[in-house]
Amino acid sequence: MRTDDNFVDKLRSLAKIDSVEVVRDSLADVRVEDIAEDLPRLELEESVRLLQRLEAQKAAEILVEVPTETARRYVAALPDATLAHYLDILPMDDALELRDDLPPDRFEALLQIIPREDADEIRRLLSYPEDSAGQRMTEKFVSALPEETVGQILRRIREAPEDRYEMINTIYVLDRRKHLLGVLNIKRLVRSDPELPVRAVMSEDVVSVPTHMHEEEAARLLARYGFYSIPVLDERGRVVGIMTADDAQEILEEADTEDVLSVGAVVGDAENYLSLGVAQLAKRRVPWLLALFVAETFTGMVLRHYGQGSGGLKLDPITFFIPLLIGAGGNSGAQVTTTITRALALGEVTHRDWLTIIRKEFVTALLVGAMLGMAGYLRALLWGTSMELSLVVGIALPAIVLWAATVGSLLPLGAKRLRIDPAVMSAPFITTLVDATGLIIYFEIASWLRV
């Protein structure tokens with residue numbers, strides 16, 4: 001099923017219905033992936049109400065499909081039955097993150113509900129350092145003794161329950177103390193003589209990582225060699241789990257996203273855009289904007305120094321604040337453009353979300369602009385500027401930031417709609433457009449206040 005605006009409206013309408021039977025019947029034939037795609041586009045309360053009315057198993061399957069950051073916003077309001085199913089089917093590394101969103105006693109109670117084997121694995125993973133390979137590994141991998149035959153291993157894989165192994169692409173050959181002896185892939189296994197011992201077909205050229213290695217370092221090592229997985233060894237050299245390629249991809253994607261956002265002067269973790277509230281967006285942007293704001297005051301100080309008569313020059317005081325105002329507008333616009341462009345590239349938002357994006361960015365810009373406006377007003381007063389001109393600066397800053405955020409939101413969405421790469425088109429356009437229009441806004445406000 002292809003989801004669209006009509007489906008979002010349908011979900012929104014179902015969230016208002018109190019009848020559990022109606023909600024369940026209406027979504028009975030809809031794939032959980034389709035529901036998960038549009039669930040983050042609802043308000044938080046609507047999403048939670050919808051999940052509360054679905055069967056526990058289906059609600060849990062939907063939670064697995066939505067972005068992790070989005071799911072974390074829902075969990076505290078969901079019943080234990082749903083969370084137990086969710087915890088049971090989550091990959092272990094994601095299950096650990098659930099602990100941060102629930103009171104310790106409730107998380108421990110959920111561990112009592114799920115199968116004991118899974119609960120024990122979660123407790124073991126929690127013993128490793130945060131953001132380490134140990135916390136991102138899974139214990140569900142295929143291992144073999146060197147004396148076992150190819151046929152025995154194939155039979156074991158074939159007869160195992162579907163959820164017994166996280167992946168079967170790679171088989172790790174261990175001695176009876178779990179020390180790593182060799183490795184072979186499933187392709188070589190199925191092409192080998194079933195009577196041959198595993199030691200005869202394994203490769204002894206093995207790359208591994210320790211449990212305490214940082215997850216990003218381990219992920220980059222796995223990616224460098226193009227493995228399906230990489231074994232994780234404890235301090236005694238025993239294999240205690242594997243990190244899979246899909247986990248490595250997720251880790252590297254998060255790291256790359258943080259790097260891209262940092263280039264755009266946005267701080268914080270790589271979280272799904274739709275899961276972020278206004279306060280979170282503002283918190284990510286204000287630190288760098290204030291830092292750049294301070295840096296840009298030095299340019300104004302140069303203008304002020306020479307413009308007050310040094311070197312025979314005389315400038316109108318209104319020009320002293322131009323670098324500050326234009327710089328703040330360009331930086332805030334670049335932050336928005338970078339954030340939206342990255343969200344589009346990752347599929348977190350589409351052009352269908354334009355109204356949600358504009359609303360969110362408008363309120364965020366009001367909050368950020370108000371902070372910068374107050375800082376600009378105080379900065380102008382400290383320079384000995386007249387009250388009237390200081391007021392112009394204090395009003396112009398939020399107005400320019402608001403305009404820059406609006407343009408910064410629409411440019412990447414418009415480019416994507418026109419099938420132009422937003423990353424190529426948005427950055428130069430936002431700088432040029434905000435520079436020109438920001439001056440107009442500044443001088444119009446000054447003219448309006450008769451400065």
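Run the numbers for Leu346 and His214: contour at 0.36 nm per residue of separation, minus the present Cα-Cα distance, in nm. Walk me through the numbers before you get to the answer.
Details: separation 132, 0.36 × 132 = 47.52 nm, distance 2.40 nm.
Extra length available between Leu346 and His214 comes to 45.1 nm.
What aspartates and glutamates could a cross-link reach from Lys10, if we take a straight Cα to Cα line under 15 Å and drop same-chain neighbours fewer than 8 places away?
Partners within reach: Asp18, Asp25, Asp29, Asp34, Glu37, Asp38, Glu43, Glu46.
Which FRET efficiency value, to the nearest 0.05, do you get for Thr319 and Ala291 by plugging their Cβ-Cβ distance into 1/(1 + (r/R0)^6) with R0 = 22 Å?
0.40
So what are the ³J(HN,Hα) numbers for region 78-91, from phi and the Karplus equation (6.51, -1.76, 1.60; θ = phi - 60°), rounded to whole Hz, Gly and Pro as x?
3J(HN,Hα) across region 78-91, in whole Hz: 9, x, 4, 4, 5, 5, 5, 4, 4, 5, 6, 9, 5, x.
So, with a 1.4 angstrom probe, what is the percent of accessible area on the chain that is carbon and sulfur?
55
Run the numbers on region 357-416 and let me know its relative contact order in percent, using alpha-carbon pairs under 8 Å that are six or more apart.
That works out to 46 percent.
Would you mind getting me the FRET efficiency between Lys283 and Glu162? Use the beta-carbon distance for r and R0 = 41 Å, nearest 0.05.
0.45
Once the Cα gyration tensor of region 89-194 is found, what semi-axes does its equivalent ellipsoid get, as square roots of 5 times the eigenvalues, in whole Å, sorted largest first?
Semi-axis lengths for region 89-194 are 32, 15, 11 Å.
Nothing charged except the Cβ atoms of Lys and Arg (+1) and of Asp and Glu (-1): what's the magnitude of the dipole of the chain about its Cα centre? Round to the nearest 20 debye.
For the chain, the charge dipole is close to 1240 debye.
Working from Cα positions, state the angle (0 to 90°, nearest 10) between the long axis of helix 150-159 and the longest principal axis of the chain.
Once rounded, one gets 70 degrees.
Which value, in debye to the nearest 20, describes the size of the charge dipole of region 1-122 about its Cα centre when Lys and Arg Cβ atoms bear +1, Asp and Glu Cβ atoms bear -1, and nothing else is charged?
Working: 15 positive and 31 negative charges, 94 e Å.
About 460 debye.
Could you check what % of the DSSP bridge pairs in the chain are antiparallel, to the nearest 5?
Counting only bridges with both partners in the chain, antiparallel ones make up about 75 percent.
Separation between the Glu108 and Glu21 pseudo-spin-labels, each 7 Å from Cα along Cα→Cβ, expressed in nm?
4.2
Can you tell me how the chain classifies by the Cα gyration tensor, rounded, prolate or oblate, using a/c under 1.5 as the rounded cut? Each step should come with its number before you reach the end.
Numbers: a/c = 2.79, a/b = 1.90, b/c = 1.47.
It is prolate, given that a/c is not under 1.5 and a/b is the larger ratio.
From Cα pairs below 8 angstrom and at least 6 apart in sequence, can you work out the relative contact order of region 319-407, rounded to a whole percent?
Normalised by residue count, the contact order of region 319-407 is 44 percent.
Per residue, how large is the accessible surface of the chain? Use a 1.4 angstrom probe and give square angstrom.
50
Tell me whether region 1-74 comes out rounded, prolate or oblate; compute the Cα gyration tensor, take square roots of the eigenvalues as a ≥ b ≥ c, and use a/c under 1.5 as the rounded threshold. All intermediate terms of the calculation are to be shown ahead of the outcome.
Working: a/c = 1.25, a/b = 1.15, b/c = 1.09.
Rounded.
I need the phi-derived Karplus couplings for region 284-290: 6.51 cos²θ - 1.76 cosθ + 1.60, θ = phi - 60°, integer Hz, Gly and Pro marked x.
Once rounded to whole Hz, the list reads 6, 9, 4, x, 5, 4, 5.
What FRET efficiency would be calculated for the residue pair Tyr225, Thr299, taking the C-beta separation as r and a Förster radius of 41 Å, to the nearest 0.05?
0.25
Relative contact order for region 94-182: what percent, with Cα pairs under 8 Å and sequence separation of 6 or more? If you can, show how the numbers build up before the last one.
Details: 61 pairs, mean separation 20.5, N = 89.
Reported relative contact order: 23 percent.
The values are calculated or read from the model by the stated rules, or taken from the named source; none is laboratory data. Here the structure is a predicted model, which means the values were calculated and not measured. Here the Cβ is made from the backbone with ideal geometry for all residues, glycine too, and neighbour counts use every protein chain on show. SASA here: full protein model, heavy atoms, side chains in, ligands and nucleic acids out. Shrake-Rupley method; radii C 1.70, N 1.55, O 1.52, S 1.80 Å.
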